[in-house]
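Below you'll find the structure, written out as structure tokens, and then a few comments.
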Amino acid sequence: MKLSVELVDLIFSFLVSHCGTLLTCSDIPELSQIVERHLYHYITVHFQSHSLCDSFYTSESTIPILVSLISENPRILHHVRVLRIRVILDHHYDFELERDLDVKQDLDNFAKTLLLFPALKCIELETSKKRPFSWPDVFRAALEDRLSLPILKELHIVGNQDFPCSLIDNRENIEDLVVSARGGFLDAEPQVCVSTEATLPQLKSLALLSLPYRQSFLPSIIPHAHRLRSFKCASSAVKLLPEFLGICSKTLNKLDIDFLHSDCKFQVSFGG
């Protein structure tokens with residue numbers, strides 16, 4: 001029985017997390033172009049204080065190799081839907097040491113490549129939870145440009161980084177926000193939005209997986225939460241629950257409270 005191209009493509013769409021299978025199938029000439037779009041669906045780029053590498057799932061290469069791959073096969077850029085940018089800092093060195101500055105230079109060098117991805121639906125920013133990190137200017141400008149892509153709907157913020165929530169104020173495309181910031185953001189002062197509720201982008205989904213030590217980002221998130229449909233919070237953020245329920249009680253249809261990593265050891269969900 002011969003399967004249609006559409007059906008084969010659908011089957012491989014369920015295998016985006018199975019890199020080994022996709023890599024094996026990509027060696028089959030009849031399947032290579034179909035498999036390719038799923039193989040590069042999710043890309044992780046690692047930046048480390050002692051070395052720099054980027055990886056597609058489990059494979060690793062250097063940034064020049066990534067650029068070379070894109071040069072040889074520009075279609076890769078159009079296949080990437082989720083881009084994870086991960087910064088790993090050496091915890092034994094102070095913040096402004098030369099090695100950290102090298103990481104920032106590598107990020108700025110990566111900015112040109114970042115601007116080439118036209119079809120991103122999700123960006124994940126992950127930094128060390130034990131050390132603060134400030135994104136360099138050139139990279140940050142490229143990041144803000146990609147955050148404005150109309151099809152980009154989801155943003156994940158993980159770790160201890162300088163990500164003011166004002167960055168999403170003028171981006172109506174962003175609907176889903178995940179915050180896991182055990183260690184806190186670097187923002188020293190609350191950034192209260194001065195716009196009216198009607199002009200602010202409204203999140204459909206918000207997940208607070210761990211609460212930053214500094215809560216200055218909360219005044220900026222709250223104005224975006226009036227039309228939440230889904231809200232998830234972990235034990236460290238549960239004290240915010242009454243305030244958020246009061247804001248979005250008319251639109252919320254799914255609530256997930258996670259105590260699995262607390263002494264209570266349970267999880268409860270409400271809604272569909």
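The values are calculated or read from the model by the stated rules, or taken from the named source; none is laboratory data. Being a predicted model, the structure only gives us computed values, none of them experimental. Note that each Cβ is placed from the backbone with ideal geometry, even for glycine, and that neighbours are counted across all protein chains shown.
Might you let me know whether the stretch 50-67 holds any residue that is modelled with pLDDT of 55 or more, closer than 22 Å to residue 24 by Cα and either among the hydroxyl-bearing types (Ser, Thr, Tyr) or surrounded by 17 or more Cβ atoms within 10 Å (Cβ to Cβ) (or both)?
Yes: one or more hits.
When you look at residue 36, is it at pLDDT 80 or above and over 22 Å from residue 118 (Cα atoms), yes or no?
Details: at pLDDT 80 or above: yes; over 22 Å from residue 118 (Cα atoms): no.
Taking the combined requirement at face value, the residue does not satisfy it.
Please return the ranges of strands (runs of 3 or more DSSP E) entirely within the stretch 163-272 where 2 or more residues are modelled with pLDDT of 85 or more. Spell out the reasoning first.
Working: elements: 176-180, 205-210, 230-234, 254-258, 267-271.
Filter on the stretch 163-272 gives 176-180, 205-210, 230-234, 254-258.
The rows are residues; the columns are (1) assigned to a helix (DSSP H, G or I); (2) surrounded by fewer than 16 Cβ atoms within 10 Å (Cβ to Cβ); (3) at pLDDT below 80.
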{"position": "7", "(1), (2), (3)": "yes, yes, no"}
{"position": "10", "(1), (2), (3)": "yes, yes, no"}
{"position": "24", "(1), (2), (3)": "yes, yes, no"}
{"position": "30", "(1), (2), (3)": "no, yes, no"}
{"position": "76", "(1), (2), (3)": "yes, no, no"}
{"position": "91", "(1), (2), (3)": "no, yes, yes"}
{"position": "94", "(1), (2), (3)": "no, yes, yes"}
{"position": "103", "(1), (2), (3)": "yes, no, no"}
{"position": "106", "(1), (2), (3)": "yes, no, no"}
